[in-house]
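These notes are about the structure you will find just below.
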Amino acid sequence: MIDQLFKVIQEIEHNWASKRVLVVGDVMLDRYIFGEVRRISPEAPVPVVRTTYQSEQPGGAGNVAMNLSHLGAVTQVIGFTGGDENGRLLAESLRANEISPCLVISKDFPTITKQRIMGGRQQMLRLDSERLDARPQDDYDRLINSVLAHLPGCHAVVLSDYAKGALTPEVCQQVIQAAHGLGIPVLVDPKCADFGRYRGATTICPNLAELSTAINADPRDLKGLLDAAEALVTALNIKFMTATLSDQGIALVRPGKHFIAPAIARQVFDVSGAGDTVIAVIALCLASGLNPEAAVELANVAAGIVVGKVGTLPVEKHELLAALAPELDLHVANKVVTRQELAKRVALWKANSERVVFTNGCFDLLHVGHITVLEQARRFGDRLIVAINSDASVTALKGSGRPIVGENERARVLAALATVDAVVVFGDPTPLEIILATRPAVIVKGGDYGLDTVVGASEVLSWGGQVKIVPIVEGFSTTRLIAKNMSSINA
């Protein structure tokens, strides 16, 4: 169970879009050439890949930025590029993904490019174009000045080190100290074996191999590795360390203690880019004031999604919310929503190809008749919305003395039912506005309604939906329950 689950959901749905995150590091262009393998070359014992299509997208630090942007954040990326065609394609791809590129052109250095040859889902070969010798000091000065100019107003900074030369010790320390002075958390994805250059960051996020290399320990001895990592946290003056442990999950390491969030079982197609997803999610969590434990648990869920994709692809906001839906459904309080929250929840369900059903009523003194209608309604789809009349609306419909049970209590009781996925209160004469906002696939009513008397019937039919009238259980109604109770009192 994710710590602070309700707050996590609220932050993702409502606040991540307002977070501004700056990514600094080794940006590169990822090019994928996809094709089919049907024979071996007569020239050499290698497969022949018949090209079907190719694509380009940001890689390295650019992929961290991609994850942040696709999770809803306002994202900027700063790094070196060449004044070449690949640099133009990289900047163009970043803008297409709503990322602001602040790229420093390094003369005589090409844009770092990784070209992967894919035979079906299998990577056959990777070709790297890069120059790794030291850049002129003027290039680093321009990079640092660009970072300092963009820091104010940021909610988090990510240093994405792919050991391609952008993040020298001087660059790292200037960025970390400047961010620290502004109260901005700094997260580091390291590649350098000497973590000393990252001293003073908020957290360092190595993978298992990077951590074992940094502390010169056997990666098979997990306890010894994490004990040494605890000492390193103190030595480097960082708040905590976040280590991805492959199929073992993610470890959160603090001075004197650590815990591991177990990996979520998924079919794995490609692990490339999973670390970028992890650090992007943790950055947004810290930017939102969530605790590191919740951040690690959420990052673990996101990593489980991205390893099921082919290629270096970001996690989408709706995918993350969909993965949290099963846990969300276990909490009654999370099912009672506002209209705005309902619209976002429905968008999530539809993105997950789930069929949405709608019903409404007063539901005062819940009885077996209500339960039967709700159970039948749920069978028409994957998700059931129940819209209930507000207290004032019930009084207007039923008269003084009603409702017997207040709207908050009615909503919570309905939310406790396994058949119900969301409950929303409305005070309008009809729920038509909610129907129009959610566009359900099915409207369900109980009783002797006709199409001409069901609110929203013509609208739902217009977009290809259905209207279902289900029989009620004879002898059960709130009015009869009240009358029976009054008779017992008078007797």
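The values are calculated or read from the model by the stated rules, or taken from the named source; none is laboratory data. Every value quoted in this text rests on a predicted model; they were computed, and no experiment measured them. All Cβ positions, even for glycine, are placed from backbone atoms using ideal geometry, and neighbour counts span all protein chains on display. These area figures cover heavy atoms from the full protein model, side chains too; ligands, DNA and RNA do not enter into them. Shrake-Rupley method; radii C 1.70, N 1.55, O 1.52, S 1.80 Å.
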Got the relative contact order for the chain handy, in percent, Cα pairs under 8 Å and 6 or more residues apart?
-> 11 percent
Computed magnitude of the charge dipole of region 129-169 (debye, nearest 20; Cβ of K, R +1, Cβ of D, E -1) = 80 debye
Match the structure shown to one of the listed values [x] 21, 42, 27, 10, 1, 0; [y] 22, 46, 25, 7, 0; [z] 17, 26, 27, 24, 6, 0 of P(r) over Cα pairs in 20 Å bins from 0, in percent, computed from it, and give that label.
-> [x]
So which of Lys317/Lys445; Lys19/Lys191; Lys317/Lys344; Lys191/Lys239 end up more than 23 Å apart by C-alpha?
-> Lys317/Lys445; Lys19/Lys191
Carbon/sulfur fraction of accessible area - region 1-54, other protein chains in place, 1.4 Å, % | 53 percent
For Trp16, Trp463, what's the largest-to-smallest order of accessible area, 1.4 Å probe?
-> Trp463, Trp16
Please state the charge dipole magnitude for the chain, taken about the Cα centre, from unit charges on C-beta atoms (+1 on K and R, -1 on D and E), reported in debye and rounded to the nearest 20.
-> 840 debye
Here the longest stretch of the chain that holds no GluC sites (Glu not before Pro) in a DSSP loop having at most 10 other beta carbon atoms within 10 Å is 44-473
Rounded to a whole number, what % of the accessible area of region 337-409 do carbon and sulfur atoms account for, probe 1.4 Å?
-> 50 percent
With the convex hull built on the alpha-carbon atoms of region 100-156, volume per residue in Å³ sits at 137 Å³
quick note, the chain, DSSP beta bridge pairs, % antiparallel (nearest 5) is 35 percent
Surface per residue (accessible, 1.4 Å probe) for the chain, Å² | 44 Å²
Give the ranking of Asp382, Asp139 by solvent-accessible surface, highest area first, calculated with a 1.4 Å probe.
-> Asp382, Asp139
Computed over region 83-230, the relative contact order (Cα-Cα under 8 Å, seq sep at least six) in percent reads 14 percent
